[in-house]
Each structure stands twice: as structure tokens, then as C-alpha cells.
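Just so it is clear, none of the values below were taken in a lab; they were calculated from the coordinates. Everything numeric in this text was worked out from a predicted model, so none of it was measured. Quick reminder, even Gly has a Cβ in these numbers, built from the backbone with ideal geometry, and neighbours come from all protein chains shown.
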Amino acid sequence: MSIRLVLADDQALLRKGFRMILEAESDIEIVGEAADGQDAVRLVGLYAPDVVLMDVRMPAMDGIEATRLIAASDAPTRVLILTTFDLDEYAFSALRAGASGFLLKDVPPVELLAGIRTVARGDAVVSPRITKRLLEEYAHQLPDPSQREAPEEIHPALADLTEREREVFLAVADGLSNAEIAQRLFVSEATVKSHVGRLLAKLGLCDRVQAVVLAFQSGMVRPS
């Protein structure tokens with residue numbers, strides 16, 4: 001089954017370059033191109049693509065606001081952000097807005113394709129460790145810990161996590177892989193995968209990236 005994709009970038013030359021790479025793949029179909037965030041949101045409404053490859057700095061509406069609108073809509077579309085720097089504040093804002101991850105604009109084609117396929121499967125392409133670096137770099141944008149409510153008040157579903165799910169949640173937020181979590185908790189990797197799936201469902205999160213963001217926003221994990 002083909003991955004239906006929208007390209008959103010205000011630079012026509014970049015869109016053409018990405019199109020040349022993507023159209024060579026039998027499992028990827030480009031259903032539209034957008035030169036700004038407004039058009040990207042419009043195309044998502046029209047075509048409900050699986051993935052939007054989204055630039056952040058665009059006229060009319062930037063990629064952050066477009067991502068926020070797409071994430072809040074009923075569309076099954078997931079957003080993969082394109083950024084210039086791996087610790088760009090725009091990338092951090094995009095993750096908070098609901099993006100499933102980000103790639104650098106000069107990413108090798110093989111990594112671009114792998115990232116798109118990963119997001120289309122429902123996973124995140126940015127590792128939790130990189131997400132944690134982003135959050136630590138821009139910790140000043142997070143709520144003041146002294147003024148913060150209890151985690152359960154910020155996200156009531158946190159109270160519904162079992163003790164084991166909470167342990168797994170904190171390990172995910174700490175940037176550990178399933179294999180590393182399994183080693184820490186002395187359980188199988190399959191068991192960890194099951195726990196991660198259940199806790200994401202309970203918390204209404206799409207992927208591990210959003211779990212890391214929530215852990216920081218709720219104060220359960222604080223920048224070091």
C-alpha cells in the first residue's frame with residue numbers, strides 16, 4: 001500500500017529535489033505540494049495524506065501552526081518536520097505542536113525515505129535522546145517547576161498508569177530504548193513494547209516523542 005504524502009516547503013527548488021527522490025520509490029505517492037502552512041492544512045483537508053513533509057519557516061502560516069492545526073484535526077495525517085539545525089527551537093516547538101519528529105534538510109536520501117516510512121507506520125523518527133536534548137536546550141519555555149501543578153492535574157490520565165507503566169514511562173522519557181528498558185527492569189523486550197503501547201494509548205499519545213514532551217511538561221522529568 002502506498003504512503004500518500006504532501007510536500008510543504010516555500011522553496012520550489014527544494015520541493016522539486018524531494019519530489020525527484022520520492023517519486024523513484026514505488027511505495028510513496030505525492031498527492032500535493034504546498035508553498036505555505038495554510039496550503040498544507042488545506043491539502044490535508046482535501047486528501048488526508050499519511051504524511052506531511054513540513055518545512056517550518058514559511059510565509060502566511062509557518063509549519064508550527066500548520067502542524068498544530070493538523071494534529072488537532074480528525075485527519076490521520078502525521079507530520080515530519082524539516083529543519084536546518086538539529087537543536088533548532090523551531091523543531092522543539094514542532095514537537096510540542098504534535099509533530100512526529102524531524103529531519104535535517106540535508107539528510108541523506110536513504111534516511112529521508114526511512115524517516116517517512118517510519119512515521120507512516122505510526123512511529124517517531126527522532127530518537128528520545130535527541131528529543132530530550134531539545135527539551136533541555138529550551139527548558140526555559142517549559143512551565144516554572146515552582147508554579148507547576150501536580151502531574152495528574154496537568155494530564156489526569158497519568159493517574160491511571162500502573163506502577164510498571166509509570167516506570168516504563170519515566171524510562172522512555174529518559175531516552176532509553178526498549179532493549180535498555182528491558183535490561184533496567186529485568187523483563188523481556190516484548191513486555192516493554194507491550195507496556196509502551198498501553199501507556200501511549202492511556203495517555204492519548206501518538207509516539208515516544210510525545211511521551212518525552214509530556215514527561216517534561218508535567219514535571220515528572222526535569223532538565224538536568
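Structure summary
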item: Stretch gain in nm, segment S194-L170, where the contour uses 0.36 nm per residue and the Cα spacing is subtracted; result: 7.1 nm
item: Spherically averaged projected area in nm², based on the convex hull that wraps the Cα atoms of region 145-217; result: 4.6
item: ³J(HN,Hα), Karplus 6.51/-1.76/1.60, whole Hz, each residue of region 117-123, x for Gly, Pro; result: 5, 5, 5, 4, 6, x, 9
item: Residues whose placed amide H lies under 5 Å from that of I3, excluding near-sequence neighbours; result: I28, E29
item: Per-pair calculated FRET efficiency, R0 = 45 Å: V187 and S73 via Cβ, rounded to 0.05; result: 0.75
item: Cβ crowding within 10 Å averaged over residues, with 162-169, 22-29 ranked highest first; result: 162-169, 22-29
